[in-house]
Ligand SMILES: NC(=O)c1ccc[n+]([C@@H]2O[C@H](COP(=O)([O-])OP(=O)(O)OC[C@H]3O[C@@H](n4cnc5c(N)ncnc54)[C@H](OP(=O)(O)O)[C@@H]3O)[C@@H](O)[C@H]2O)c1
């Protein structure tokens, strides 16, 4: 069976924010109202487990909609909440240990839905294998950046990029293997030959 991977599927503004300064995500609605699913329905069939940071889970609950992932195993990282609620299990374990244990269990891939605090913890440990980032044609000018300072350098390999009539551009990258990471990078446009 193929190794389980952690897949980040998330949307940002053009300037790289996942939410505005008040934690709002109204900027997503223009893209959502187009009726396009941005590959989400096929993506969700590849996963059987979802992980959130507690603030993202609270935001999902605040929408007041029926919980959409009843048939998935759902975990929420939190240092303040314990046990389970009707939807999820709260996790207060070292992120690296928890994800390594999950990856060793048989199953489909693992969907990381953010937010940025959880992503930072995972990036520090190189735990995210693939990044599917939908860029919404909006500049927020501030807010919660997807990648906070402290993320480690990672070389990625483009899997696919797609653009949609709504103006959304979705970029799917995967983490390069350790062998690829050591390869000498090629010239960067505009920097070749410069000392
Ligand atoms: N644009 C998008 O697609 C998208 C996607 C996801 C989220 N968002 C937005 O992003 C915002 C939330 O992101 P955020 O970065 O502020 O917060 P977050 O990552 O969702 O949640 C942070 C919380 O997760 C818990 N946590 C983080 N690391 C942990 C660890 N190592 N161990 C245990 N618990 C840990 C802590 O919960 P406790 O405080 O309970 O200890 C922490 O306060 C919301 O506004 C949401 O709407 C947008």
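Measuring from centroid to centroid over Cα atoms, what is the spacing of segment 47-65 and segment 154-172 in Å?
Measuring centre to centre over Cα atoms gives 24 Å.
At a 10 Å Cβ-Cβ cut-off, how would you order 109, 92, fewest neighbours first?
92, 109
Indicate the gyration tensor shape class of segment 1-90 (rounded, prolate or oblate), computed on the Cα atoms with a ≥ b ≥ c the square roots of the eigenvalues: a/c under 1.5 is rounded; otherwise a/b larger than b/c is prolate and the rest oblate.
Oblate shape, in that a/c is at least 1.5 and b/c is the bigger or equal ratio.
Most exposed first by the Cβ proxy, i.e. fewest other Cβ within 10 Å, how do 59, 105 rank?
Taking fewest neighbouring Cβ atoms as first place, the list is 105, 59.
Quick one: grab the alpha carbon gyration tensor of the chain, order the square roots of its eigenvalues as a ≥ b ≥ c, and give me rounded if a/c is under 1.5, else prolate or oblate depending on whether a/b is larger than b/c.
Because a/c hits 1.5 or more and a/b fails to exceed b/c, the chain counts as oblate.
If you restrict to DSSP beta bridges whose two residues both lie in the chain, what percentage is antiparallel, to the nearest 5?
40
How high is the relative contact order of segment 6-182? Use alpha-carbon pairs under 8 Å, at least six apart in sequence, and give a whole percent.
34
Going by how many other Cβ atoms sit within 10 Å of their own, how do 121, 86, 94 line up, fewest first?
The most exposed by this proxy come first: 86, 94, 121.
What 222 nm value per residue comes from the helices of the chain, counting each DSSP H run with n ≥ 4 as -39,500 (n - 2.57) and dividing by all residues, nearest 500 deg cm²/dmol?
Only helices count here, giving -5500 deg cm²/dmol.
Please work out how much length the chain gains when fully extended from residue 43 to residue 104, using 0.36 nm per residue of separation minus the C-alpha to C-alpha distance, in nm with one decimal.
19.9 nm
Each value in this text was obtained by applying a stated rule to the coordinates, not by laboratory testing. No experiment lies behind these values; they were computed from the predicted model shown. Backbone-built Cβ (ideal geometry, glycine too); neighbour counts: all protein chains shown.
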